[in-house]
Structures are given as C-alpha cells and as structure tokens.
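Participant: Here's a structure for you.
A short reminder: the numbers here are calculations on the coordinates, not readings from a lab. Quantities reported herein were computed from a predicted structural model and do not represent experimental measurements. Quick reminder, even Gly has a Cβ in these numbers, built from the backbone with ideal geometry, and neighbours come from all protein chains shown.
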Amino acid sequence: MSQQGSDAQPMGLAQRIWRSAVREPLFPRDRRARLRLVMDNLILHIHPSQVTVRSLQFTYTWGLGGLSALLAMLLAVTGVMLLFVYTPTPESAYNDIVAMRTDIWFGQLVRNLHHWAGNAMILVVALHMLRVFFTGAFRPPREFNWLLGLALLLLTVGANFTGYLLPWDQLAFWAVTVATSLIGYIPLIGDWLGNLLLGGAEVGAATLRNFYALHIAVIPATMMVIMAYHFWRVRKDGGLTIPRGADEPPVKKAERTTTIPNLVLMELTVALVAIAALLLWAMVVPAPLEGIADPDHAPNPAKAAWYFLGLQELLLHFHPVVAALVIPTLALGALALLPYLDADMDSVGIWFRSRRGRWLALLSVAVGLVLTPTLVLLDEYWINLPAWLPSLPTLVSNGIVPLAASLLGLIAYYTLLRRVGKATACEAKQAIFVLLLTGFVVLTVVGIFFRGEGMALTAPWL
Amino acid sequence: MSEETTRRDFLKMAWGVLGAVALAEAGGVALAFSQPRIAEGSFGSVITAGHVDEFPPGSVTPFNEGRFFLSRLPDGGFLALYRKCTHLGCAVPWDATAGEFICPCHSARFDPSGEVIDPPAPRPLDLFPITIEDGMVKVDTGTVIQREKFDPSQVVYA
Amino acid sequence: MRKQMIVGIIATAVIVIALPIYAWRESSRMETARQELREEAIAAAMPLYAENCAVCHGAAGEGVGAYPPLDSEALRTMEYDTLFKTIERGRYDTAMAPYGVEEGGMLNDAQIDQLIALIYYGDWGDTAEVVAEMGLTPPRPAASTVSTETLQLVAGLPEGEALVHGLTLYAENCVACHGADGGGTSLGPALNTAEMRERLTDDDLARIIAQGVPGTLMAGWDNALTERDIADLVTTLRRWDSLPAAAIPAPAAPPVIAVSDPDVVAWGGQIYAATCAHCHGSEGQGRPIAPALNVQGFLGETNDLAIKTIIAQGVPDTAMPAWGDRLGDEELNALVSFIRAWEPTAPVVAEMERGRPAGRGGPPWMRGEGGIAPPPGQGGTAAPVGATATPTPTASAGLLAQVNWRPLIFFGISGIALVALVLVLTGGREETQEEPGSR
C-alpha cells in the first residue's frame, strides 16, 4: 500500500529498515489488512485468516488446546533458565535445587513455575482430550489428529516422569524406582527395557544422565515436531468443529469473522489470565523437596508420581503383568481405535453427542463413583482369588480371571444400555468410556489419599 | 508395459528395502550406544564378602555397597539375596528382631532364604551367584538369578 | 470483546504488580530459606549426635574425661573443610574414629553437614535435652570418692595441698583402670609400686599422663587436666608410700558370670545387635572401626570380668565408649554371656575382608586381565585377577556373546510384521488405479 511514503518525501533510513522486516502494518485498520496480516505473519499464520463465529465460544473448547501449547512454551522457557543452574550428577543435583531456594534470585520462583506448569499440563492435556472426545471432534477426517494427540499425551507424561527424578531427593529416587519396576513386568523385554532406561540394574548416576537427556532433548524435540504436525492437521482437517445445541441440525453455512482481532484477542486474554494465575500460585506454593536420595533406605510407603498412582493402585488388585501391561495396553489400544469405531452418530459439536448421551454419561459417573470404592474395599478385605483358586497360577487366578470378569461386566453394561436404554452404539461406547474414566479417577484419588504405611487402606483424616 | 515397469519396480523396491535395512542398522547402533555400562565401582562386579567362618549359621549380614544380604542358613549353606524387592524395587531391610526381611514400601515379607511370607511380592528375592575359593566367599553382583520358588540346589555350601 | 480486553488488562496488571512485590521480598525469602535449612539440619543432627558422638563428647558437647568439648569458640570458628574432614576421616593418633561412609563409618556427606551445622549454630542445651530424651546421656568414668577424714589427714602432710588435689583427681579419673590405691586392674598397671617410683622420673610421669601411651588403653589427658592438675598427680604418685593405705577405695564391682541360659544369651544378642553390631560387625567379626570380638585371641585371653569392665568403662584412645551408665548390670551380664557363647565356634583369625571388590578396580581401561598377582589377603588363590575381576566386555569376549538376543528377536519380528502389513495394505492398488477414466 503506502510502501513508498508520500510522493513529496522519499522514505528515511529508519523507515526503510522497519519496512524491510515488517511488511504489513502491525495494527491493521481494515478487513483486508487483517486478513493479509494473518497470512503474512510467521506466528499468526498458524491461524486461518477467518474463523467461524460460533467456534469462538469459550465454553465450547475452554481454550484447552491453546492452554496446552502455552504451558509447553512456559515449560520450555523456565526449563532453559533452570539449565543454567543445574548439573545432572548425584553429587550436585540436590544441592543445585537447594541453591535455587537459597542463593539464586528468583530461583525458587522459576522452579515452582516449572513444577506446577508441568503438573498442570498433564491435567490440561487430559481435559483437552476429554473435550475433543465428548464433542465428537475426533470423527473423520480428524481421526489421525486424535492419534497425534494421544502421542502428545504420552510424551507429556514421559516429560513429567523424566523430570521427576532430576531433584534427586527421596521422593524422586523411590518414585522412579517404583515406576521403572513396573516396566520390569513386561514379559520378554521388560528387564532389558528397564535396564536400558535405568542405565543399569538400579537407579543411579547413569539413570540421572539418561533421564536428563530424555527430559531436555529427546522428548521436547519429539514433542515440537508432533505438535507442529498436530496444529497443521487441525488446519487441514477444517479447523475447529462448530458447536451446536443438542436439538439443532448441523450448521450448513457457518458465519465467519476475521481472526484479527476476535480469535487473537481471545487467545491473548486466556493466555494472560493463565500466566497470572500460574504465577500467583507459583509465588505462594513451593515445589516439594524432601531429604537427599538415600539408596539404602526406602520410605514407607513408596509412591510413584500422582499421575501414576491409579496404575499403582491397580497393581494392588491385579497380578502385575495384567495391571502394568495388559490393562494399559488395552486402554491405549481402545483409545487409539475410538475414532475408527465411531460410526452411527454424526453429532459433532454437541456436548456428549445427544441428550440421551448426557444422561447416560451422568449415570455412568454415578455408577463409577459407587462401584469403584466398593470393589476396592471388597478386594482389600474379602476377595482373595489366589486362595479361592489355589490350583491355578496367580497370573490366571489374580490376573486373567478378574480381568475377564471386569470385561464381562462392561459388556453386560453396554448391552443393557443398548437394549433397555435404547442407546445408540456411540452413546453406549461413550457411557463405557465415562464409566472407566470415573473408575480410573477414583483409583487415582484412592492411591493418592487413602494409601498409607505399607500401602494399607487408611483414612487420611485420621 | 509389464516388462519395462517390472525392472524399474524391482529396482525401486530393492532400493526401498536397502534403505529400510540402513535405517534398522542405524537404530541398532543407537541402541547399542545406549546400553548400560558395566557398573563403575563395587556394584556389578564380584565382591569378596569375607571368610566363611565370619558368618555363623543362621546369620544375615548386609552389604550395602553390593546391595545384597549374605544369608547363612542354619545348615551352613550360603545365599546371596539381592536386596531389591521383587514387587516394585524398594531396598528391603533385614529385621533382626522379627527374623524376616520386611519391605517398607508395601509390607512384603521374606524369610531368611528369600522366600515370600507375605505378598504383594510375586516371587522370592533374587540371588547373586556365590563361589567359595579357599574359604573366601565371593558374590558376583553382575548376574541376577531369578527364581519362582526356593530350591535346595540354589544354596552354596563351603 | 470489550469484556475480553478488560479481563486481559486486569491479568496483565496482576503480573505487573505481583512481580515487583515478589522481587522486593525475594532477598529476605532467600535469607529465611537459608535459616530454615540450617534449623532443619540442626534438628536432624541432634539424634545423630546423640547416637554417635555424645558418648565421648558429652550430652551438651562439654566433653567427657579426656575427650574434648565441642561447645567451644575454637570449633565455632574452625574452617568447614577442617571440621568436615575431621568427622569424615577421624584424627590420627587420637580416639576420633573416621565416621564417613567412604572410610567405613556410617555417616553420609549430608549427615556430616548436619553435624557441622550443629557445631556452628546449634544450641547445646537443646542437644542435651534430645540426648537425655533418647536415653543416651553418657556416663562419667567409674569413679570413687575419698573420705573427708582421709583428706584432712593428707592435708596435714608436707605438700598436703598438692596431695589432696592429686588424690581427688585420681579418685575421679584414674581409679577405673589403675585400681583402688593404685593397685592396678586387668586394664591398667599398678602405680603404687616401688619399682615404678624408681624407674620413672617426674618428667616421665608428667609426659605419660599428658600424652598417654600409644598402643595401650592409656589415653592422653592433657585436654582434660591442666598442668597444675598433672603436676599434683605426679606429686601424689611420687609420694604414695607416705599416704595412708586404702586412701582410695575400690569402685564397687559385683562378680559376673557368663551363663549358658539360652534366654539370657538371646537377650544379650538383642542388646549386641542394637548396641555393638554396627561397629563390631553383626557377628563380632570386626569392621574397620572396631576390632573382632569373635576370635580365639580375644575370647581365650580375656575373662568375663575383664570383658564386662571394658564394656562398662570403654577403651580410651579408641572409639569404644563407656557403656556403664547406659547399660544396667543385668544387661552387661547378658552381653558377656552372649559374647562368651561365641567361644566354641570362634575362628583363630578373623579376616576383615569386608565388601571389597575382587580385583583392584579403577576405570574400565585400567582393569587388566591375568598375569598380575592378586593383593595379599585374597585367599592366596593362584588364579589370575582376571578370573574373578569385573567382566568388562573386551574384544576378545566376542561380539556374539554380548548381544542380548531377546530384544533383538522382539524388534526383528515386530519390524518384519510391520513391513509385511504395510506391503499388504498398499499392494494390489496398482490395478485399480491404472484403470483409465476411473478418476
């Protein structure tokens, strides 16, 4: 447009330098300028130049995807800062963390930010996955992006897990010991894989090195690549799905508006609120640090990180191979196949896919909340399958048998919902998903709060 | 059409296969590179525990550097028990008053021969091979022996 | 949209305001953190001190007998490095044993740091309370008192003041080992003999009392006694023949007999496991810090009374504390019974090869194979070091033997299956796509 200044005066040097870098006016005044800026800007061109008005509704996506990306960036920034003051050897790791508390300006703040952002990220990406599931936004053509998201979820957990060891305190040392022992239960390659990860037979200096390399290089690099792919697929698959009410017909021609300023402003606001909230939290709540790691003395009880405690709780009820390998594999496999099994309802954009879907989800939550604690108590104090079936190996009596019983229960629930509840296959599968999700959350809560010394069931208020 | 494309197709496929093999080899190199080194220092090597007579029958002696307990059974036989709990890897201490190994993490219990008294341990404590040369007990902490049950053949006699 | 802008502005304002407030408080936060860490260290150090140090250095760090106090300006101004190494490695030619794990002790670096924090900043009154709560207040060495009549009598003799002082000191410090009236015990020779008075000059006596006799139970007392004290003691020793007999009564020592009652022996074993095992080894076979008890040499030549006395009085010049006040008479008897019960099976020589790696160690390239004689004490085996040395993989071990086959098979089969799957899924499309006009 006005690239050359007025006819009267040629462009000054400063202006020429500016114009060479910034080709479009940074504060566009009209619609065409807004569209062009999105397309020509390195960062902004992640977005389409126009978005559907309805998808801007905050309570549709809750900004969870964007929040995940924001948290990842925050973790990268704080992580790089921490790189300058931390050395991954058993001799110095713990003292470096202590020094952050006592001798480095804002050391405690940066560490807290990093720690809480990391924990928040697991919650946020899980919620993002749930949002995508419950609004049917994983249906074709978005199935592959769902898989990419699953990969990112696993990488996030991996990043959290590898970072957990780095402070080298009792909490870190034994949580990692427990979690890597879970890997040892994988048949055939379990021990080899565990040793590879640990750099030896036990957690030691080699483990710290390995986890450090994974945490600062391998996992972040992989995540960046897959994140880029993930965002790219969002665009290619048609952008955000369009929300609608349960009784509305699908939107044929959605109204669109420019990305600038509507979407950009929304993102900026949500990001700033999130940063402010995280900052305040990090200023007040310190990241935990126990005594220095002591390989000769395990604490009682020894618990893995909170996001693994559902799994650790499962271990108390099933044979280790079933709890540590079979169930997670089945769960991951089911999650991966979900979009490809979603056949009979095209209700993308409707929360819980339909009115009946909502009711069934609610019902499943209730059932899960009642059933899971009941089963935990029963198994803790009464059920003893290996004693009732002593002739069978424990893999069968305490593994295959309860697993088969649980699967049969799920099939029965599914059939009941379809026949009696008249649910569609989609709604029934959603209900099963909610039931299992509720069960897993309850198990995690039990694992965090209700397991005390010797991993015995104890009431936390006593 | 079939004759010409077949040769080109064959060459394409051959190239693809070769490329896949190259990738697999690179993967193998990366894996071998990442293998754990033989432990620097005591754990992972052969440790001389002491003279046979230093360990009275019925005794359990801890060796923290070697991560094991040397248990001498009442009949005089030796077992080197890896202190790593077979449930989830915690270091199991020896409780002399109770005469058992009691794991602090999830309360698994083992008897002096490493057999499971109380779950959730799925199998007895692992063993390290023992050789006795000229009355000196030597424990090879580089080799872990797993077992489903205690067997008298696992015990080493002086 | 206006709403969003306002929310955004508020959020930014929160950040803008919170950071400077936090920055303003940061230096005091760091200082508080340092203080908290010191306090945590001191709190953790007190039980450690009670268990490991109080026996010699006193419940309130005041020192016991010949052992120096820790509650002193000298230590509070001592360099960190010196303090650390003293605790970790001990002090040559003194009773201060090495306590660092690397030297055979039981304290890791973090624990030594905690003890140093206690020395620098700790409140010794609080420490004494913790020690008392744990029941570990150390006993005074066995002492007796001189009757006032004797003292009055002695005061009348020439050099009476020095003699009174010397007698009192002797009754407090020396009687445990050198016996009533200087008659000697199994632990220390008689001092009240003409032979000794002839052989040793005053200078000799003063030097022996001040510096002790290396290699024996006689400690150096120059930390606990002033020059005046030592001079008075020398005077007393020199003039003992003119002192009233039986001036210093023997400290009460009941007879002790080791019993073979299995319950008593078992109880003694429990006391041993809780009290003695971590220095003398779980089966009395000794450790770098303490000698073997479960050997013919010791058990054959030391009678029950001597064993009990050594346990009760401790051994000056070593890390063996005096357990007499902490352990009651019954417990001491049970311990003696337990120790005596070893005698039938005690070996002639206790080899103290404890947890040493076979071979000599060092970085991987330093560990050789074969040809070099093993270090002494390894049982004199003729086999080269390489036979039992660390199995470092060398070229001669063969690549094939080192490959871990299981994961190779797993990944190999998975890879082939994956390739086959891809081929199957993509194959067969050529025909349909070649059909003209189908696009």
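Participant: Once the principal axes of the Cα atoms of the protein assembly as shown are found, what is the range along each, listed largest first in whole angstroms?
Facilitator: Here the spans come out as 132, 78, 63 Å, largest first.
Participant: Also: Restricting things to alpha carbons, find the Rg to Rh ratio for chain B using the Kirkwood radius for Rh.
Facilitator: 1.33
Participant: Related question: Kindly rank C:304-310, C:196-202, A:200-206 from highest to lowest mean number of other beta carbons found within 10 Å of each residue.
Facilitator: For the peptides C:304-310, C:196-202, A:200-206, the packing ranking is A:200-206, C:304-310, C:196-202.
Participant: At 7 Å along the Cα-to-beta-carbon direction for both C:Ala273 and A:Leu123, put a label point, then send me their distance in nm to one decimal.
Facilitator: My value for the distance between the label points is 4.7 nm.
Participant: Within the range A:52-87, report the chymotrypsin sites (Phe, Trp or Tyr not before Pro) that DSSP leaves as loop and that have at most 10 other Cβ atoms within 10 Å.
Facilitator: A:Phe84
Participant: Taking a virtual spin label 7 Å from the Cα of C:Arg406 along the C-beta vector, which residues in the range A:193-220 bring their backbone nitrogen under 17 Å of it?
Facilitator: Once the point is set 7 Å along Cα→Cβ of C:Arg406, A:193-202 turn out to lie under 17 Å by backbone N, inside the range A:193-220.
Participant: Assuming R0 = 22 Å, what is the FRET efficiency of A:Leu26 and C:Ala18, from their Cβ-Cβ distance, to the nearest 0.05?
Facilitator: Plugging the Cβ-Cβ distance into 1/(1 + (r/R0)^6) gives 0.20.
Participant: To the nearest µm²/s, what D does Stokes-Einstein give for the range A:17-101 at 37 °C and 0.692 mPa s, using the Kirkwood radius over alpha carbon pairs as Rh?
Facilitator: Translational D for this selection: 192 µm²/s.
Participant: Taking 7 Å along the Cα-to-C-beta vector as the label spot, tell me the A:Arg418-A:Asp379 distance in nanometres, rounded to one decimal.
Facilitator: 2.7 nm
Participant: Related question: Name the long-range amide H neighbours of B:Ser59: under 5 Å, sequence gap of 5 or more, or other chain; modelled H, no Pro or chain starts.
Facilitator: When sequence neighbours closer than 5 places are left aside, the close amide H contacts are B:Arg72.
Participant: Something else about it: Largest first, please: the extent of the C-alpha atoms of the range A:48-293 along each principal axis, to the nearest Å.
Facilitator: Extents along the principal axes: 63, 49, 27 Å.
Participant: Report, to one decimal in Å, the Kirkwood hydrodynamic radius for the range B:78-158 based on all distinct Cα pairs.
Facilitator: The Cα-based Kirkwood calculation yields 13.0 Å.
Participant: So for the pair A:Leu332, B:Arg147, with labels modelled 7 Å out along Cα→Cβ, what separation do we get in nm?
Facilitator: Between A:Leu332 and B:Arg147, the simple spin-label model gives 3.5 nm.
Participant: Could you go through the range A:299-316 in sequence order and give the Karplus-derived ³J(HN,Hα) for each residue, using 6.51 cos²θ - 1.76 cosθ + 1.60 with θ = phi - 60°, rounded to whole Hz, and x for Gly and Pro?
Facilitator: x, 10, x, 9, 10, 6, 4, 4, 6, 9, 6, x, 5, 5, 5, 4, 4, 6
Participant: Give the cross-link partners of A:Lys303 among the lysines, using a straight C-alpha distance below 27 Å as the criterion and excluding same-chain residues fewer than 8 apart.
Facilitator: Answer for A:Lys303, where 27 Å is the Cα cut-off: B:Lys84, listed by chain and number.
Participant: Mind putting together the pair-distance distribution for chain A? All Cα pairs, 10 Å bins, whole percent per bin, short to long.
Facilitator: Bins of 10 Å from zero give 4, 16, 25, 25, 18, 8, 3, 1, 0, 0, 0 percent of pairs.
Participant: With helices defined as uninterrupted DSSP H runs, which ones in chain A have an alpha carbon span along their own long axis of at least 24 Å and mean Kyte-Doolittle hydropathy of at least -0.5?
Facilitator: A:64-83, A:107-134, A:143-165, A:219-236, A:259-284, A:355-381, A:401-419, A:425-449
Participant: What are the principal axis extents of the Cα atoms in the range C:1-110, in Å, biggest first?
Facilitator: Result for the range C:1-110: principal-axis Cα extents of 82, 29, 23 Å.
Participant: I'm checking a number: the convex hull volume of the Cα atoms of the range A:252-362, normalised per residue, in Å³. What is it?
Facilitator: Normalising the Cα hull of the range A:252-362 by residue number yields 251 Å³.
Participant: What's the angle, to the nearest 10 degrees (0 to 90), between helix B:2-33's Cα axis and the longest principal axis of chain B?
Facilitator: 20 degrees
Participant: Turning to a different aspect of this structure: Per the Kirkwood treatment, what hydrodynamic radius in Å, one decimal, follows for the range A:389-462 from the mean inverse distance over all distinct Cα pairs?
Facilitator: Answer for the range A:389-462: a Kirkwood hydrodynamic radius of 15.0 Å.
Participant: For the range A:230-274, what are Rg and Dmax over the alpha carbons, in angstrom?
Facilitator: 13.5, 36
Participant: Within the range C:96-117, name every residue whose backbone N is under 15 Å away from a label modeled 7 Å from Cα of C:Ser72 along the Cβ vector.
Facilitator: Answer for the range C:96-117: C:96.
Participant: After finding the eigenvalues of the alpha carbon gyration tensor for the range A:178-233, what semi-axes result from the square roots of 5 times each, listed largest first in whole Å?
Facilitator: Taking √(5λ) for each Cα gyration eigenvalue gives 27, 15, 7 Å.
Participant: Here is a follow-up. Counting only other residues whose beta carbon sits under 13 Å from that of B:Gly58, what net charge do I get with K and R as +1, D and E as -1?
Facilitator: Neighbour charge sum, excluding B:Gly58 itself: -2.
Participant: Given Cβ point charges of +1 (Lys, Arg) and -1 (Asp, Glu) and nothing else, what value in debye, to the nearest 20, does the dipole of the range A:48-293 about its Cα centre take?
Facilitator: 1100 debye
Participant: Dividing the convex hull volume of the Cα atoms of the range B:116-158 by its residue count, what figure in Å³ per residue is obtained?
Facilitator: Convex hull of Cα atoms, per residue: 84 Å³.
Participant: Using the Kirkwood radius over C-alpha pairs as Rh, can you work out the diffusion coefficient of the range A:318-403 via Stokes-Einstein at 20 °C, viscosity 1.002 mPa s, in µm² per second?
Facilitator: 134 µm²/s
Participant: Restricting the count to DSSP beta bridges whose residues both fall in the protein assembly as shown, what percent are antiparallel, rounded to a multiple of 5?
Facilitator: Once the DSSP bridges in the protein assembly as shown are tallied, antiparallel ones form about 95 percent.
Participant: In addition: Considering every pair of different Cα atoms, what Kirkwood radius, in Å, is found for the range A:315-462?
Facilitator: Taking every pair of different Cα atoms in the range A:315-462, averaging 1/r and inverting gives 17.0 Å.
Participant: May I ask you to evaluate 6.51 cos²θ - 1.76 cosθ + 1.60, the Karplus curve with θ = phi - 60°, for each residue of the range C:8-16 and list the ³J(HN,Hα) values in order in whole Hz, giving x for glycine and proline?
Facilitator: x, 5, 4, 4, 4, 4, 4, 4, 4
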